[in-house]
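Okay, structure first, notes after.
Computed from the coordinates by the stated procedures, all read-outs in this text should not be read as laboratory data. Here the structure is a predicted model, which means the values were calculated and not measured. Cβ placement follows ideal geometry from the backbone for every residue including glycine, while neighbour counts extend to all protein chains displayed.
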Amino acid sequence: MQECIEKSSKRTTRAEKAQALFKSGVRPIEWSADCWTVKGSKGEYTIKRDNDVFTCNCPDGLYRSHQGELCKHILLVQLFIDWQRDVARWAVKTMVEAL
Ligand SMILES: [Zn+2]
């Protein structure tokens, strides 16, 4: 099995940071379908979704949102949503197969 070394750039991207956080077991707290809290290294941040536009109140998020980029907290929430969808799909599939 070949190792994935081609992507080893000097800087870790936000997506990679979010994936690393997710893999280490960090999960957003879901308050509603459109509101989450993520614990960051310097505090807790609130991520909100409005018409599929995600906003985060961390300094990076406030700054980056003007440039159309997403901070790692938003990326983490998006990973979380995808993961929940996968888990739900898998659960339904298992239930259907068990019938
Ligand atoms: Zn953020």
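Structural remarks
- Furthest towards positive pole of dipole, Met95, Ala20, Leu79, structure part the chain, Cβ charges: Ala20
- Cα-Cα P(r), segment 14-98, percent of pairs per 10 Å interval: 17, 48, 24, 9, 2
- Where trypsin sites (Lys or Arg not before Pro) fall in DSSP loop in segment 13-88, at most 15 other Cβ within 10 Å: Lys42
- For the residue pairs Lys48/Lys93; Lys48/Lys72; Lys72/Lys93, the C-alpha atoms sit more than 22 angstrom apart in Lys48/Lys93; Lys72/Lys93.
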